[in-house]
Amino acid sequence: MPEALTEEELTFLRSMFDLARQGETGRLVAAVDAGIPVNLTNEAGDSLLILAAYHDHPETVRALLDRGADTARVNDRGQTALGAAVFRRSERNVAQLLASGADPALGPRSALDIAEFFDLPEMLALLRQPDPH
């Protein structure tokens, strides 16, 4: 059985989510490059990518995607990073996530559902563009 993490280690890991929320790209990617899992998930099921997208930090989203962040992660509320980017009306993040293979229909609260529910025609247009690949 693996050893339990110390409170200090847990505090450090929790701070990674704050870095994603704040768009502290340099510090966050340094930690990921040093071994913190790029798909680290908090107690609500939010990944670093979901939080960076929700808080509209395109540079952080790009850096996480470049390091293999999973666009198919769904949090405990059924939301994805793409759905978060749509909700925030971040064309740049939506474009980056789509280019990295994010599925607009994924999850119980998909990006398409969010765009339709909040009447975001510009986001629906982005999500419905044909796949350039």
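Bear in mind that the values in this text are calculations on the coordinates, not laboratory data. All figures in this text were calculated on a predicted structure; none of them were measured in a lab. No Cβ is skipped: glycine too gets one built from the backbone with ideal geometry, and neighbour counts run over all protein chains shown.
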>> Can you confirm whether residue 39 is within 18 Å of residue 20 (Cα to Cα) and surrounded by fewer than 17 Cβ atoms within 10 Å (Cβ to Cβ)?
In response: yes
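Considering only residues of the range 32-43 that are among the hydrophobic types (A, V, I, L, M, F, W, C) and not in a helix (DSSP H, G or I), which is farthest from residue 69 (Cα to Cα)?
34
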>> Please count how many residues of the range 97-125 are more than 9 Å from residue 53 (Cβ to Cβ) and either in contact (Cβ under 8 Å) with a residue 40 or more places away in the chain or crowded, with 21+ Cβ neighbours inside 10 Å (or both).
In response: 8
> Regarding residue 91, is this residue touching an Asp or Glu at 6+ places or on another chain (Cβ under 9 Å) and under 16 Å from residue 111 (Cβ atoms)?
Replying inline: yes
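In the range 70-97, how many are β-branched (Val, Ile, Thr) and part of a helix (DSSP H, G or I)?
Going through the range 70-97 one residue at a time, the tally reaches 2.
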> When you go through (1) outside any loop (DSSP other than H, G, I, E, B); (2) surrounded by 24 or more Cβ atoms within 10 Å (Cβ to Cβ); (3) not acidic (Asp, Glu) one by one for residue 62, which number turns out not to apply?
Replying inline: (2)
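Determine if the range 1-9 includes at least one residue that is surrounded by 13 or more Cβ atoms within 10 Å (Cβ to Cβ) and not hydroxyl-bearing (Ser, Thr, Tyr).
For the range 1-9, residues surrounded by 13 or more Cβ atoms within 10 Å (Cβ to Cβ) and not hydroxyl-bearing (Ser, Thr, Tyr): absent.
This table checks each residue for (1) under 16 Å from residue 97 (Cα atoms); (2) assigned to a helix (DSSP H, G or I); (3) β-branched (Val, Ile, Thr).
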| site | (1), (2), (3) |
| --- | --- |
| 12 | no, yes, no |
| 16 | no, yes, no |
| 27 | no, yes, no |
| 30 | no, yes, no |
| 45 | no, no, no |
| 51 | yes, yes, no |
| 68 | yes, no, no |
